[in-house]
Amino acid sequence: MTKPSSAPAGVSVMWVTCVLDGTDHAVTDTAMATGITSDTATWEAVCGTQFVPAPLICPPCPPCPSCVAFVRARATMRDLDQRMTPARHGRHGLLARVLRRRSKPPAVPPSSAPPTRDGRPPLPTASRSGSASSERDRGGTDA
């Protein structure tokens, strides 16, 4: 007896019972067509077993463990377009993240920055302690 399988796109599989051992083997469409047109009337399963198919009216039997493993592995394989997604190649390593952080422009313009649009000098930068870096702002004179 045959029963269609939910195989991945591109590979269509039918389960066919073997006359000799009474197990169901997974057979691709191309292997089935080759077996039907051959003189020997043997079909090749996805596990590599050559077998003589039972009449297609036979009830399902226990499946071949090798064929089941092949169909499951094939169903979980990703296609080429899924393997080449940016999610796989978009993750950067530690070095890329460190270099990216260092390459960001400073939030406060440096003291040698050109004047602003209205002609005034840029605001003084603050040091780590929070005080202004200009001597003039501290009550002294810039020299």
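General observations
- Residue count for segment 11-58, restricted to those that are acidic (Asp, Glu) and assigned to a strand (DSSP E or B): 2.
- Qualifying residue in segment 66-76 (condition: at pLDDT 65 or above, touching a His at 6+ places or on another chain (Cβ under 9 Å), assigned to a helix (DSSP H, G or I) and among the polar types (S, T, N, Q)): yes
- Residue check, LEU95 farther than 30 Å from VAL13 by Cα and either exposed (fewer than 10 other Cβ atoms within 10 Å of the Cβ) or at pLDDT 85 or above (or both): yes
- Answer residue from segment 39-60, given it is out of contact with any Phe, Trp or Tyr (no Cβ under 9 Å at 6 or more places or on another chain), surrounded by 10 or more Cβ atoms within 10 Å (Cβ to Cβ) and farther than 22 Å from VAL11 by Cβ and is modelled with the highest pLDDT among those: ALA54
The values are calculated or read from the model by the stated rules, or taken from the named source; none is laboratory data. Please read all numbers here as calculations on a predicted model, not as lab measurements. Cβ coordinates were reconstructed from backbone atoms using ideal geometry, including for glycine residues, and neighbour counts include every protein chain displayed.
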